[in-house]
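What follows draws every value from the coordinates through simple rules; no lab data is involved. Small disclaimer: the values here were computed from a predicted structure and weren't measured. Here Cβ is always computed from backbone atoms with ideal geometry, including for glycine, and neighbour counts include all displayed protein chains.
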Amino acid sequence: MKDNRPFPPLKNDNLLRAARGEVVDRVPVWVMRQAGRYLPEFQELRKQHDFFTVCRTPELACEVTMQPLRRFDLDASIIFSDILVIPQALGLTVEMHAGVGPVLPQPICTPEDLKRLTPDGALSRLTYVGDAITMMRHKLDGRVPLIGFTGAPWTLMGYMIEGGGSKTMSKAKAWLTNYPEDTKLFLNLLTDVIVDYLEMQVTAGAQMLQVFESSAEHLSKEEFLLWSAPYLRRIRDDLVDRLTKKVIPAVPLIIFAKGAGHSLKEQSELGYDVIGLDWTVDPVEARAVVGPNITLQGNLDPQSMYCEPNELRSLATEMVHKFGKSRYIANLGHGITPQTPITSMEVLVEAVHNAL
Ligand code: 1CP
């Protein structure tokens with residue numbers, strides 16, 4: 001049954017204030033993939049449950065979402081799920097292979113295969129994500145905001161064509177030159193589902209949303225502006241339209257386009273509140289390019305988490321000094337890696353909070 005109880009009031013809203021450009025008590029910090037394999041309690045739970053069972057069972061998804069918050073003084077939670085739940089809802093099989101990652105045994109090879117996708121009813125196959133979000137809002141009891149997320153169209157198209165992760169995305173990139181019109185159809189189909197999905201997450205209680213364009217790194221600037229940016233813009237515009245029409249308050253939107261540091265100016269014009277930066281981008285240069293009205297998020301190299309505590313502390317402090325206290329959300333420049341020592345998370349969070 002749908003849970004219609006009002007949500008508990010938010011106690012720590014530094015994340016939302018940073019996204020809106022308001023004054024913060026302390027620089028907010030969260031970490032991409034903060035729930036996951038570097039935590040022994042996650043590994044333990046995964047021994048008992050298949051990956052997608054965890055995603056699909058709100059109690060389990062909430063338990064895993066809560067795990068990093070029990071250990072660290074983080075300023076946000078992010079609902080436990082995966083970007084590949086959308087390809088699943090579109091009818092593709094997605095398996096999680098230990099040590100490999102996601103595998104799609106019947107990928108989309110040719111434009112003819114697009115007929116296999118089932119956009120009608122896709123949203124109804126994702127309601128478990130909304131249920132987990134609503135449950136999590138209650139379990140959080142207002143401690144920190146809850147972030148929802150999605151994969152962006154190009155990144156999802158990449159996984160669906162490659163049949164999993166790929167070092168080069170060469171099959172997906174071949175579509176851009178061999179089937180440009182079908183690529184547009186594919187990207188638009190994904191954009192439509194993504195807008196529905198994000199609207200549903202906001203209705204369910206997500207207080208901020210991040211769009212992961214993790215595979216932007218495979219595109220040149222010209223390709224990014226052609227095959228990624230227009231769809232990112234439509235996601236934002238259509239979502240804002242939908243929420244406005246239904247008189248649902250908008251939530252801040254983060255765009256994280258990994259490897260697209262070449263297009264920060266263009267990203268700042270897409271209508272998102274926050275731009276996530278990977279670690280190849282210099283914070284001072286990024287601020288100069290995007291101007292004062294966008295919040296920046298990032299961007300410590302995940303590899304820095306393997307440094308000695310003193311070294312890590314000084315790297316994190318230096319990062320915060322470069323970004324400054326206003327319009328800034330501290331994070332890594334990509335997901336935390338599985339071998340990261342737990343103590344590094346403690347050092348990072350403390351260093352960010354004490355830097356300014
Ligand atoms: O708390 C959190 O942040 C974890 C929630 C989360 C998120 C935000 C997971 C759990 N996955 C994601 C997003 C995601 N999934 C992205 C975008 C972020 C990024 O770029 O890192 C991508 C590309 C995926 C696809 C994916 N799922 C990969 C990458 C494969 C590759 O090499 O290209 C992998 C390894 C997964 C599996 C996965 N997703 C999440 C976890 C904890 C895991 C590990 C699987 C396991 O437990 O066995």
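Given the pairs 221/245; 171/246; 184/265; 139/322; 47/115; 171/258, which are separated by over 31 angstrom at their Cα positions?
With Cα atoms farther than 31 Å apart: 221/245; 171/246; 139/322; 47/115.
Per-residue Karplus couplings for the range 119-129, computed as 6.51 cos²θ - 1.76 cosθ + 1.60 with θ equal to phi - 60°, are listed in order as x, 5, x, 4, 4, 5, 8, 10, 4, 4, 5 Hz, Gly and Pro entered as x. Distance between the C-alpha centres of the range 97-139 and the range 270-324: 31 Å, rounded to the whole angstrom. Which is the longest part of the chain that has none of the GluC sites (Glu not before Pro) sitting in a DSSP loop with at most 13 other Cβ atoms within 10 Å? Between the exposed loop sites, the longest stretch runs 23-268. Net charge within 10 Å of residue 233 by Cβ-Cβ distance, Lys/Arg positive one each and Asp/Glu negative one each, not counting residue 233 itself? Its environment carries a net charge of -2.
Working from Cα pairs under 8 Å separated by at least six residues, relative contact order for the range 14-355 is 22 percent.
Within the listed set 265, 221, 47, the residue fluctuating most in the Gaussian network model of the chain (springs between alpha-carbon atoms under 10 angstrom) is 47.
When only Cα pairs below 8 angstrom with a gap of at least 6 residues are kept, the range 202-286 shows a relative contact order of 38 percent.
Computed from the alpha carbon atoms alone, the convex hull of the range 181-300 holds 102 Å³ per residue. Net charge of the neighbourhood of residue 316, taken over other residues with C-beta under 13 Å away and scored Lys/Arg +1, Asp/Glu -1, is -4.
Toward the positive end of the charge dipole of the range 14-355, with +1 on the Cβ of Lys and Arg and -1 on the Cβ of Asp and Glu, the farthest Cα among 194, 314, 165 is that of 194. Proximity of backbone amide H atoms, modeled 1.01 Å from N, is registered between residue 210 and 148, 149, 150, 254 at under 5 Å, excluding neighbours fewer than 5 places apart on the same chain. Per-residue ellipticity at 222 nm, computed for the chain from helices alone with -39500 (n - 2.57) per DSSP H run of at least four residues, works out to -14000 deg cm²/dmol.
Per residue, the Cα convex hull of the chain amounts to 128 Å³. Backbone geometry of the range 188-204 corresponds, through the Karplus equation with coefficients 6.51, -1.76 and 1.60 at θ = phi - 60°, to 3J(HN,Hα) couplings of 5, 4, 5, 4, 4, 5, 4, 4, 4, 5, 5, 4, 4, 5, 5, 4, 6 Hz, x marking Gly and Pro.
If you take all other residues with their beta carbon under 14 Å from the beta carbon of residue 88, and give Lys and Arg +1 and Asp and Glu -1, the sum is 0.
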